[in-house]
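A short write-up of the structure that comes next.
None of the figures in this text is laboratory data; all of them are computed from the coordinates on show. Keep in mind that this is a model prediction, so the values were computed, not measured. All Cβ positions, glycine included, derive from the backbone under ideal geometry; neighbour counts span all protein chains shown.
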Amino acid sequence: MSLLEARGLICHFGGVKAIDGVDFDLEPGEVHALIGSNGAGKSTLVGLLSGRIPVQAGSIRFDGRDITRLPAHARVACGIAYAFQITSVFPRLSVFDNVALAVQRTGARDLRAGTMAALDRVGLAALADRLAGALSYGHQRLLEIAMGLALAPRLLILDEPTQGLAAAEIDSFKALVRSLPATILLIEHNMEVVMDLAGRITVLGNGRVLARGTPAEIRANPVVQAAYLGGRDADA
Amino acid sequence: MRMLALHLGVLAVLAAAQFLLPAYHHTNAARIMVLAVYAIGYNIAFGYTGLLSLGHALFFAAGMYATGLLVDRGGEPWLALLAGLVAGGAVAGAVGLLALRTAGPAFMIVTLMFAQAFHLAILYWGGFTGGDEGFTLSGAARRLGPLDLADPTTRYFVALALVSVAMLGTLALVRSRLGRVLVAVRENEERTRMLGYDTFRAKLLALMLSGLASGAAGSTYGLMFGYVGGSFAAIQYSILPLIWVLMGGAGTVLGPLLGTALMFYLIDLSSSVTTASQAVVGAALIGLILFAPRGILGTLRERGLRGLP
Amino acid sequence: MEFGPFLLLALMEGLVGAAVLALTASGLSLVFGVMRVVNVAHGEFFMLGAVAAWFVSQWVPGPPAVAFAVALVVCPLIVAALAALADLAILKRLKHEPEATIVATIGLLYILQQAALTVYGPEARPVPAPFEMRLQLPWFGWSGYKLFVIGAAAAVLLGLWLMLTRTRAGLVMRATQIDRETATAFGIDVTRVHAGTFALGAALAAVAAVLIVPIQQAHYLMGGDPLLLSFIVVIIGGLGSLRGTLLAALLIGLSDGVISTFFQPTLAKIVATLLVALVLVFRPQGLFGARA
């Protein structure tokens, strides 16, 4: 059974059909990449799935349960975590407090141990007492991921996680993603990262699904090549 | 630990001051401590949760009137005091259910309007509330069991006890999981929601705690100084805690007490020199928001005292 | 008097209130629209206009009409200059951040009120009307000056509308309202636009006050009611929408006239404040605004 099943999602802003009848499934344990040019509807689709944007038509089921009308915070409680595109850690709180906020949401008994474990995972344990705003950009991205992880989600949505990272940081990020037990939905512009990590890829264009398949299938797909992979990646 | 010691130290100094202060300042100190409880309550909403309310006089006056009207009609003072606390918290909850659907300037105006409506209601139903002139409380009404609140020494210690509870309560709140969530809401509400928190509930809870403390302050103030009046529900009494907290440092535990004391004596001194004490309040507001929006302790915290809660 | 004529009188009084309110509220609305500043001191600009009109009436010799004409020009200019100064000295340095500016304008309110009390005193003082004329209707007589107030307010509002839609200054203001960054990019001096808008908003309140002060005396605490009513109008009309503001001013002014004739004014105010709060909670775009 699928972990997440979205059917016939529609979201129009004024006259713009940001998402126009999308079906979307996630299998348990897979790393699924969502690609498409700017304005293809990636952010809107993720917004609908995470609950930040209300669904206008269609349905979303998570683990067999209908979550279409559930507010964002309740979806997090169901096990859908979202790591922000633009780094949005709490800059004036300590690194520890940032992650502790996520850990205490899970009802953990030992807050300190849980928080330090999550920080250890991304290699930030030594910086726990720093203010989050004082971290380097790459470290802030890692902190953001640590916060997502600390929620112990069943589905982790990573919105452009490698944007602005150096090559070495991207490598350690890939290793980190491979080590995670959760299902992962990855919105990513860096094709090398996508091809490397994703088991399946969904290509969006103009609010619709253009293609779906394994990295090899997507690479070979003429429609996708024409629409997206053909030229240089417009957004990179 | 060091920080707990600091706060206990401040309270100990206040306890010792009881024996040292001359009568005039003695009464002032009791007054300041009760008003500081009001400021501490305001700080929970404004300083920690980021809810800038312009209507807290509503909660202060709700506590004061609930208690005052009850004891005035022969109610048991202890129960009346409890009723004042409940009134503050409950009214804050009711206002919050509506006002928290808005944010920023709209929230400020909505809270202002609710408080204004309450103030007008007190004037309109003057037969019941005493209107603008208010009413005084008899000696019997001001006796909490063995504690006679008309007696200066008793009054001082009751005020000290109240401010101690409020201050240590805030300290505990700030270090609790709930406190962390409230600060997160202040810093970035959307992000907090995406960490799985129902931020509306968090804000409502903060506002109710804030209202509870404000109600407690209003209730005790009425009993201690034996007077309940419409001016305590006026907009000035919503602005005062904002100034106190801004001055002492929003989002600091000791800030409200410090700000209340400083502002109290600033107005006290200026009104002995000039009649323009209102202008002092105005100038303080503008000066603080322009030059020291973090207040005294907030600025100290930025300049190195990072552990200050 | 019978009910019919009584209602007519109430409506006519309401129209005077509506005219003055429309002026005051459009100033508040303009400032909010262009600058995103909720000016809590707006009522004090109104009060200053009235108090200044009294001083002018004392100092300018000759018939009341001359003094009134001078006041109508000079008082708004004084108040506008003061407002521009306040914007440049205070609000600009707060970068017009909404919450901070509300706190600052509360401070300004206190200072202006205290200044008026110190300089002008606690008395309520009348200002003579520029002319005495009585209109005799079949049921009651009515002051011709009130008719003049309605006409003058309408003329000023028409001028404001022409200025906003037909002149370069108006275009610049509207451009700043829509997008501050782009306006800056197009070489618009946003600082000047803001100071000018704040001054214009205050001047509108002052004009309203000069017009009303022969009917209602000048007093240092008189700013509260116009502030509250302007808030109501601007919020019900939709924040920052001038057309909504005018419609709402007419509605509120008329109903205020009628309600305070037949009911207790305090009760009317209670209902009005609660109404504003509820409109902000449930229909933040105002009763006349379209859902954004």
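Test of understanding: in a Gaussian network model of chain B with alpha carbons linked when under 10 Å, which of B:Pro256, B:Pro241, B:Pro293 would top the mean-square fluctuation ranking?
B:Pro293
What are the equivalent ellipsoid semi-axes of the protein assembly as shown, built from the alpha-carbon gyration tensor (square roots of five times its eigenvalues), in whole angstrom, biggest first?
Here the semi-axes work out to 52, 38, 24 Å.
Of B:Ala216, B:Ala83, B:Ala250, which has the largest mean-square fluctuation in a 10 Å C-alpha GNM of chain B?
Checking each option, the largest mean-square fluctuation is seen for B:Ala83.
C:Ile178 to A:Val16: FRET efficiency via 1/(1 + (r/R0)^6), r the Cβ-Cβ distance, R0 22 Å, to the nearest 0.05? Kindly include the intermediate steps, with their values, before the conclusion.
Values: r = 20 Å, r/R0 = 0.90.
Given R0 = 22 Å and the Cβ-Cβ separation, E is 0.65.
Within the stretch C:145-159, whose backbone N sits under 15 Å from a point 7 Å along Cα→Cβ of C:Thr261?
Under cut-off, by backbone N: C:147.
Taking the Cβ of A:Ala72 as the center, what net charge do the other residues with Cβ under 15 Å away carry, scoring Lys and Arg +1 and Asp and Glu -1?
+3
Between B:Ala292 and A:Glu30, what FRET efficiency follows from the Cβ-Cβ distance if R0 is 56 Å, with the result rounded to 0.05?
Step by step, r from the Cβ atoms, then E = 0.55.
Taking the Cβ-Cβ separation of B:Glu190 and C:Glu99 as r and a Förster radius of 22 Å, what is the calculated FRET efficiency to the nearest 0.05?
0.80
In the stretch A:94-136, whose amide N lies under 13 Å from the spot 7 Å out along Cα-to-Cβ of B:Arg177? List them in ranges.
A:100-115
Other chains near B:170-181: what is the mean number of their Cβ atoms within 10 Å of each residue's Cβ?
On the way: counts 0, 0, 0, 0, 0, 0, 1, 7, 1, 0, 8, 3.
Going residue by residue through B:170-181 and averaging, the value is 2.
What's the angle, to the nearest 10 degrees (0 to 90), between helix C:98-120's Cα axis and the longest principal axis of chain C?
Long axis of C:98-120 versus the principal axis of chain C: about 40 degrees.
Suppose only helical runs count, i.e. DSSP H with n ≥ 4. What mean residue ellipticity at 222 nm does that imply for chain B under -39500 (n - 2.57) per run, divided by all residues and rounded to the nearest 500 deg cm²/dmol? Mind showing how you got there, number by number?
Values: 14 runs with 225 residues, N = 309.
About -24000 deg cm²/dmol.
What number, rounded to the nearest 500 deg cm²/dmol, is the helix-based mean residue ellipticity at 222 nm of chain C, given -39500 (n - 2.57) per DSSP H run of at least four residues and division by all its residues?
That calculation yields -25000 deg cm²/dmol at 222 nm.
Calculated from DSSP H runs of 4 or more alone, at -39500 (n - 2.57) each and per residue, what is the 222 nm mean residue ellipticity of chain A, nearest 500? Don't skip to the answer; put the middle values down first.
Details: 8 runs with 78 residues, N = 236.
When only DSSP H runs of four or more count, the value is -9500 deg cm²/dmol.
I need the semi-axes of the equivalent ellipsoid of chain A: take the C-alpha gyration tensor, multiply each eigenvalue by 5, square-root it, list largest first in whole angstrom.
They are 29, 21, 16 Å, listed largest first.
For A:Asp66 paired with A:Ala220, estimate the spin-label separation in nm (one decimal), with each label point 7 Å from Cα along the Cα-to-Cβ line.
Distance between label points: 4.0 nm.
In peptide A:97-103, how many Cβ atoms from other protein chains are near each Cβ within 10 Å, on average? Intermediate values should be presented prior to the final figure.
On the way: counts 4, 5, 0, 3, 10, 3, 2.
Partner Cβ neighbours, averaged per residue: 4.
Students often forget the sequence filter, so: which lysines lie under 27 Å Cα-Cα from A:Lys174 once same-chain residues fewer than 8 apart are removed?
Straight-distance partners of A:Lys174: A:Lys42.
On a 0 to 90 degree scale, rounded to 10, what angle separates helix C:144-166 from the longest Cα axis of chain C?
On a 0 to 90 degree scale, this one is about 20.
In nanometres, what is the gap between the two model label sites at C:Leu88 and C:Ala169, each 7 Å from Cα along Cα-to-Cβ?
1.6
Hydropathy at least 1.0 by Kyte-Doolittle, axial extent at least 30 angstrom from the Cα trace: which helices of chain B, defined as entire DSSP H runs, fit? Working shown, then result.
Working: long enough: B:77-99 (32 Å, 1.89); B:152-175 (34 Å, 1.35); B:199-225 (39 Å, 0.97).
Within chain B the helices that satisfy the rule are B:77-99, B:152-175.
Using Stokes-Einstein with the Kirkwood hydrodynamic radius over Cα pairs, what translational diffusion coefficient do you get for the stretch C:22-222 at 10 °C and a viscosity of 1.306 mPa s, in µm²/s rounded to a whole number? Please list the in-between numbers first.
Details: Rh = 17.7 Å.
For these conditions, the coefficient is 90 µm²/s.
Say we join alpha carbon atoms closer than 10 Å with springs in a Gaussian network model of chain B; which of B:Phe107, B:Phe157, B:Phe128 then has the biggest fluctuation?
Top of the fluctuation ranking is B:Phe128.
Over the C-alpha atoms of the stretch A:133-236, what are the Rg and the largest Cα-to-Cα span, Dmax, in Å?
My reading of the Cα-based Rg and Dmax gives 14.8, 46 Å.
Can you give the three extents of the C-alpha atoms in chain B along their principal axes, from longest to shortest, in whole Å?
So the three principal-axis extents are 53, 44, 40 Å.
Which value in nm describes the separation of the simple spin-label points at B:Leu20 and C:Val73, placed 7 Å from the Cα toward the beta carbon?
6.6
Is there a simple number for the mean count of other chain Cβ atoms within 10 Å of the Cβ of residues in B:114-122, and what is it?
Counting Cβ atoms of other protein chains within 10 Å of each residue's Cβ and averaging gives 5.
Using only Cα atoms, find the angle between the long axis of helix C:64-86 and the longest principal axis of chain C, and express it within 0 to 90 degrees, rounded to the nearest 10.
In chain C, helix C:64-86 runs at an angle near 30 degrees to the longest axis.
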